[in-house]
Amino acid sequence: MNRILLLLILCWLLFLSCGESTGNSDSALTYWSSNNTYEIKFSRAIVKKWNQQHPDAIMQFQPVPEGQSSEEVILAAVVGKTTPDIYSNMWQGDVEAYAEAGVLVPLDTLTGFLEFLQQRCDSQTIAEVTSRDGHIYQIPWKINPIMLINNTKMMKGIGFETPPRTYSEFLEAGERFKRDLDGDGYVDQWVGYSEVMVRWWQRFFDFYPLYLAASHGGHLVQNNRIVFDNSFAVNVFKFLRTIYEKNYFSKERLSARQDVFLSGVIATRFTGPWEIMHAEHFKPKGFEYDFSPMPVPDDFKGQPYTYCDPKNIVIFNTCKNPENAWKFLKLVVSKENDLRLLEMTNQLPRRWNLAEDPVFEDYFRQNPKMLPFARQAKFVKGTDNSPVLKEVFDIISQEYEACVVYGKKSPEEAIFDAAKAARLIVY
């Protein structure tokens, strides 16, 4: 009942906030971006250029209205039929539910879409964004791959010339930090940190990227079947559980302090490229850091995958002119504007061969910290196509808390129970 009431309130607020922006012209289309400051500047520049070149097809722009989360605001807009024509901050894991609800335009029915997508993305990405009905409802746009940030001086101080690559190496680094105790036996440095939270999305920064790394980009849900009850998931839980059992990660909410990475409290963290702008602005003098792939099992061969935190672009079926919307989006995701996206937001466009493309060469030369992410972009995954993906992650997160954080279940029991519960909701 509380959720229904919240949705009704959000719908009403959204109706009030959107009435002016969509009512100026019958021919105008409405475009919502995220409310990230840098992305707002990027979007405004694109819309301005479009409107100058297409005075007969005006695009009205606004950031997604404020709310508890952009996902909640979009859900309320869908329920209230107040969706924008175009939205460019859609979490990939939400698309299947909206596609099956019939509120998105199948983009592969638009002129030239498939040819454009095949030029932009590799076959793996295209397969990933193809829905269960065979249509494509989203444009892969931008990613923020999750990697391991390392305080290079701290790691060298405990004898690691290169970042820990395997579970054993990472655990050994944790043990070496643990030996460095104050006189009262209090651990004042940890090898790393991950938020001890049950919220489903927190698993994007610990369990899920580690699972993808270990499984070469494996699935949680495949062909409407739960497939994560495997040795990869069990071993990830074992690895993380050992970290907490041995006190290599703090269970305390370190996020309440000043930045614990830049202040030298932790030596590593699972994070994305957004960390660079923050670190460069606030790092102490002489602070050194780099990025490396997610840790993998000791017997791992090949290149580790990771979660890429994708945000994609959709056209809602309330759009009055999907073909015009698609023409505008071809401008948004052109190679020229992908470069502008990089320069203005430090977010990677999801296009193949990014690190080797000469169009982006100068950017990566001037921003060398971004290059590891561009190279990692060849080995990334978003999410599986399931309308109940959030619920699956929520179930995994509940078992994560019971097993990894508090040790109430074995990893085998926790993964088995998570898979059993998830099977009850997958359809």
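What to note about this one:
- Cα long-axis angle, helix 70-80 against the chain (0 to 90 degrees, to the nearest 10): 30 degrees
- Cα gyration tensor category, rounded, prolate or oblate, for the range 90-222 with a/c compared to 1.5: prolate
- Full-stretch length increase - residue 222, residue 356 - with 0.36 nm per residue and alpha-carbon distance subtracted: 45.1 nm
- Overall form of the range 276-427 per C-alpha gyration tensor (a/c, 1.5; a/b vs b/c): oblate
- Spatial separation of Cα centroids for the range 408-424 and the range 94-132, in angstrom: 32 Å
- With both labels modelled 7 Å from their Cα along Cα-to-Cβ, the residue 133 to residue 285 distance reads 6.2 nm.
- Nitroxide proxy distance, nm - points 7 Å out along Cα→Cβ at residue 298 and residue 198: 3.5 nm
- Label zone at residue 242, where the point sits 7 Å out along the Cα-to-Cβ direction: the range 279-308 residues whose backbone N lies under 17 Å: 294-301
- Candidates 334, 215, 292: whichever shows maximal mean-square fluctuation once the chain is modelled as a Gaussian network with Cα springs under 10 Å: 334
- Three-way shape label, the range 177-325, alpha-carbon gyration tensor, a/c 1.5: oblate
- Residue 138 long-range amide H proximity, modeled H, under 5 Å: 107
- In the chain, the longest principal axis of the Cα atoms and the axis of helix 411-423 are about 20 degrees apart.
- Per-residue Cβ neighbour rank within 10 angstrom, fewest leading, 56, 362, 309: 56, 362, 309
- GNM flexibility winner over the chain from 122, 357, 85 (Cα, springs under 10 Å): 357
- Trypsin sites (Lys or Arg not before Pro) within the range 248-330, DSSP loop, no more than 16 other Cβ atoms inside 10 Å: 251, 253, 257, 285, 301, 320
- Given 153/381; 381/408; 246/381; 41/378; 49/142; 41/142, the pairs whose alpha carbons are separated by over 25 Å: 153/381; 381/408; 246/381; 41/378
- Net lengthening on full extension, residue 72/residue 188 (0.36 nm per residue, minus Cα-Cα): 37.9 nm
- Alpha-carbon centroids, the range 220-256 and the range 283-316: separation in whole Å: 16 Å
- Rounded to the nearest 10 degrees, the inclination of helix 389-400 to the longest alpha-carbon principal axis of the chain is 10 degrees.
- Net lengthening on full extension, residue 118/residue 100 (0.36 nm per residue, minus Cα-Cα): 4.1 nm
- 5 angstrom amide H check on residue 317, placed H, neighbours 5+ away: 104, 105
- Taking a quarter of the surface of the Cα convex hull of the range 283-361 gives a mean projected area of 9.5 nm².
- FRET efficiency, 1/(1 + (r/R0)^6) with R0 56 Å, evaluated for residue 179 and residue 320 via beta carbons: 0.25
All of the numbers you see were taken from the coordinates with simple rules; none came from a lab. On a predicted model such as this, the values are computed, not experimentally measured, just so you know. Glycine gets a Cβ as well: all are built from the backbone with ideal geometry, and neighbour counts include every protein chain shown.
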